[in-house]
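Derivation of every value follows stated rules applied to the coordinates shown; laboratory data play no part. Not measured: the values here are computed from a predicted model. As a convention, Cβ positions derive from the backbone with ideal geometry for all residues, glycine included, and neighbour counts pool all protein chains shown.
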Amino acid sequence: MFVRRIFAVFFISLSFILSCVNVSFSANITIVHWQHHFEPRAKVVESLIKEFTQENPGIEVKFESIPYDTFFDKLVTSLSAGTGPDVFQIPVNILYQFVNQNLVLPIPPDLMPLSEIRNTFIPWTIRMSYINGKYWGFPTDVQPFMLFVNNKLLEDAGLNPAKAPKTWKELEDMARKTTKFTGDKMVQAGLNVFGNAYHYYWTFVYQNVTKSVVDPKTLKVGYNSPEGYEAWQFLADLILKYHVDDPTFLTNQDKFALGKAALDIHEAVYKGNLDMIAPNIKYNVYIPPTKTGKPSTVGTNWVYVVSSKTKNPNVAFKWASYLTSEKAEKEWVIKTGSMPSRKTLLDDVSLQKDSNMIAIFKAIKFVRPLEDLDWDPAWEIREECFQNIVLKNIDVKKAVDLSAQKEEALYSKKFQK
């Protein structure tokens, strides 16, 4: 269901690699590794397995890359039955559920102390993995949301693609000027909203709501507030008032990659995809504009975790550590487009080979992490809110309040509060 969420691989310090392995692996030991399928990542894992097993005779890593649509059901069922993988990846937003169900192991402090974790990783990438005084996973597949700008389409509209919009108002003006109709039929969208609407309602809400969007202690949401209504109203106006995109225009197609949308908010990894599928499009990448012009965006990441049912925790952590060494993290950046989670790599100029990568790396410092306590089910609720507003013309406050009620009920049921 979510090609857009096909992201994941996690990072940990080199010191952890050295400290967590104080055992001899003379006997053959097999570690099972699962992640959802994404071809570039699968190839990197396979390459790292070859290196790892050559350096560690007696250890075998069995890797399974599972289609996204079946990944979570298969994972939860197998873990509950005690037959699941030793190491696997999940969105950090569902980690709390796995901890609550005793499905994963915490990172032992004698292997990587809390202070070392905090000194190693960018703060927002580990915020959601700190539960009950422990860290339960290592951040991977770091994705700040960015604004992509088609240079030619802006130039055709008399705009300067080198000048990034700083405010919502500037974004609105730019989108309106680059939207084109022939009669009443759209032929070019200003914004590719309907391609992946969550890119917009996540970004605008997390930029504008100052309190918790989801509070893990109370399980209450904060977007049913004046700031939240304002963010949803801005998105609604872009569609209903200014008509910068239309659900009937190139439905289920990537309008930006087709050169039929001037602007698009997307995860940073989209840059790699775009370079492959639309190499002729010249574009710039910027941090998304905010209401006030102060830099801010939303970001997501996944985590690598070790199963509580693993029979070989030391070996499992050794493999996870190998995947997340600084050398491996550079490989993930170069070959998959995932951003680094390590503080030291933010200043690595070898990873910032063009102005767009420089902009993405800079944006990482201004990210607010997604606070949702679920993944697809929470997305479905907010997607329904979006569709209620822009397709069914339901009042913004009414639609948002209904969404908030449903999301709080979801969390209450999952965590039995």
Amide H contacts under 5 Å for Val61, restricted to residues at least 5 apart in sequence or on another chain and with H modeled in the peptide plane, are Ile31
In Å, the Kirkwood hydrodynamic radius of region 301-417 over pairs of distinct alpha carbons? 18.1
Net charge over other residues, Cβ less than 13 angstrom from the Cβ of Ala278 (K, R count +1; D, E count -1): +2
The chain, Gaussian network, Cα under 10 Å: of Thr178, Thr203, Thr344, the residue fluctuating most is Thr344
Label-point separation (nm) for Ile334 and Leu114, each offset 7 Å from Cα along Cα-to-Cβ? 3.7
Using only alpha-carbon positions, what ratio does the radius of gyration of region 260-311 give when scaled by 2.2 N^0.38 Å? 1.74
Report the trypsin sites (Lys or Arg not before Pro) located in region 94-195 that are in a DSSP loop and have at most 13 other Cβ atoms inside 10 Å of their Cβ, or state none. Lys163
Simple label model, 7 Å out from Cα along Cβ direction - Lys134 to Phe181, nm: 5.9
For the Cα atoms of the chain, what angle does the longest principal axis make with the long axis of helix 68-81, in degrees from 0 to 90, nearest 10? 30
Can you work out the PRE-style zone for Thr344? Point 7 Å along Cα to Cβ, and I want the residues of region 109-147 with backbone N under 19 Å. 111-126, 138-142
Work out from phi, with θ = phi - 60° and the Karplus expression 6.51 cos²θ - 1.76 cosθ + 1.60, the ³J(HN,Hα) of each residue of region 376-391, listed in order in whole Hz, and give x for Gly and Pro. 4, x, 5, 4, 4, 5, 6, 5, 4, 4, 4, 5, 4, 6, 8, 10
Enumerate the whole-percent occupancy of each 10 Å bin, from 0 to the last occupied one, for all C-alpha pair distances of region 71-175. 11, 31, 19, 16, 17, 6, 0
Given a Förster distance of 51 Å, the FRET efficiency implied by the Cβ-Cβ spacing of Leu240 and Asn28, rounded to the nearest 0.05, works out to 0.20
Restricted to the chain, the DSSP antiparallel beta bridge percent, nearest 5, is 65
With viscosity set to 1.306 mPa s and temperature to 10 °C, compute the Stokes-Einstein D of region 299-346, Rh being the Kirkwood radius across alpha carbon pairs; µm²/s, no decimals. 131
Report the relative contact order of region 258-385, percent, no decimals, based on alpha-carbon pairs under 8 angstrom and at least 6 residues apart. 34
Simple spin-label estimate for Ser212/Asp395, 7 Å along Cα→Cβ, in nm, reads 2.9
21 Å Cα-Cα threshold exceeded, pairs from Lys134/Lys220; Lys50/Lys134; Lys169/Lys241; Lys152/Lys260: Lys134/Lys220; Lys50/Lys134
Can you give me the long-range amide H partners of Ala268? Hydrogens built in the peptide plane at 1.01 Å from N, cutoff under 5 Å, separation of 5 or more residues or another chain. Met146
